[in-house]
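What follows is a single structure, written as structure tokens, with notes after it.
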Amino acid sequence: MGILVRLVRGPIDVAALGGASPPDGAMCLFVGVVRNENRGRTVLRLEYEAYEEMALALMEEIATETGRRFPVTAVRLVHRLGRLDIGEASVAVAISSPHRGEAFAACRFAIDTLKARVPIWKKEVYADGSAWLDGQGQAAD
């Protein structure tokens, strides 16, 4: 199984995450993008920080675990760090598999697990202030 995990400070090259091997019948791609509103507040931009060494190690674990749980041929996880403007990709998960059902399930598992486990922090910047959010989009106290 092919695994790719990356933390990047520039735009995520979504096109580079595609591709399938001869046994694949499906490639599922999830791309999270910066939106302009959250919980009724206008969002101007996001800022992401990470404990990079730990984040990469955990992303590797998640990719390996995804491969153990689902019959996939490739798992690709990329998360952006730094300042992101509205509409930019913040995270991408690409899964290749012989069948679409497994590709969709593996993609969902990988993004949900990444959001829950990986030490990446998101700061939303608003017209009237800012807030650090947890992995579920809730303001961190």
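The values are calculated or read from the model by the stated rules, or taken from the named source; none is laboratory data. Everything numeric in this text was worked out from a predicted model, so none of it was measured. Every residue, glycine among them, receives a Cβ derived from its backbone with ideal geometry; neighbour counts consider all protein chains shown. Each accessible area value is taken on the protein alone, full model and side chains, heavy atoms only, with ligands, DNA and RNA left out. Shrake-Rupley method; radii C 1.70, N 1.55, O 1.52, S 1.80 Å.
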Kindly list, by first and then second residue, each pair from a residue in the stretch 94-121 that is within 14 Å of A74 (Cβ to Cβ) to a residue that is of a type in the set (K, R) and not in a strand (DSSP E or B), limited to pairs with Cβ atoms under 9 Å and residues at least 6 apart or on different chains.
-> A106/R69
Those residues of the stretch 26-54 that are in contact with a strand residue (DSSP E or B) (Cβ under 6 Å, 6 or more places away or on another chain), surrounded by 13 or more Cβ atoms within 10 Å (Cβ to Cβ) and in a loop (DSSP other than H, G, I, E, B) come to a total of 1
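How many residues are of a type in the set (D, E, K, R) and touching a Lys or Arg at 6+ places or on another chain (Cβ under 9 Å) if we restrict to the stretch 88-122?
Of the stretch 88-122, the ones of a type in the set (D, E, K, R) are 88, 100, 102, 108, 112, 115, 117, 122.
Filter once more, keeping what is touching a Lys or Arg at 6+ places or on another chain (Cβ under 9 Å): 88.
The total comes to 1.
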Here is a list of conditions, (1) part of a strand (DSSP E or B); (2) under 19 Å from L7 (Cα atoms); (3) open to solvent by 30 Å² or more (accessible area, probe 1.4 Å), and S130 meets all of them except one; can you say which number that is?
-> (2)
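Condition test on E124, is it modelled with pLDDT of 95 or more, open to solvent by 80 Å² or more (accessible area, probe 1.4 Å) and assigned to a strand (DSSP E or B)?
Numbers: modelled with pLDDT of 95 or more: yes; open to solvent by 80 Å² or more (accessible area, probe 1.4 Å): no; assigned to a strand (DSSP E or B): yes.
In short, no.
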Subset of the stretch 1-13, residues within 14 Å of the chain's Cα centre (by Cα) and over 24 Å from R69 (Cβ atoms), comes to V8, R9, P11, I12, D13
Subset of the stretch 6-23, residues out of contact with any His (no Cβ under 9 Å at 6 or more places or on another chain) and surrounded by 14 or more Cβ atoms within 10 Å (Cβ to Cβ), comes to L17, A20
Counting only strands (runs of 3 or more DSSP E) entirely within the stretch 57-114, those with at least 1 residues that are farther than 15 Å from L17 by Cα and open to solvent by 10 Å² or more (accessible area, probe 1.4 Å) are 82-85
M27 versus (1) within 27 Å of G129 (Cα to Cα); (2) in contact (Cβ under 8 Å) with a residue 24 or more places away in the chain: which is the lone unmet condition?
-> (1)
Name every residue in the stretch 1-25 that is within 20 Å of L81 (Cα to Cα), of a type outside the set (K, R), out of contact with any Lys or Arg (no Cβ under 6 Å at 6 or more places or on another chain) and in a loop (DSSP other than H, G, I, E, B), in order of residue number.
-> G10, P11, D13
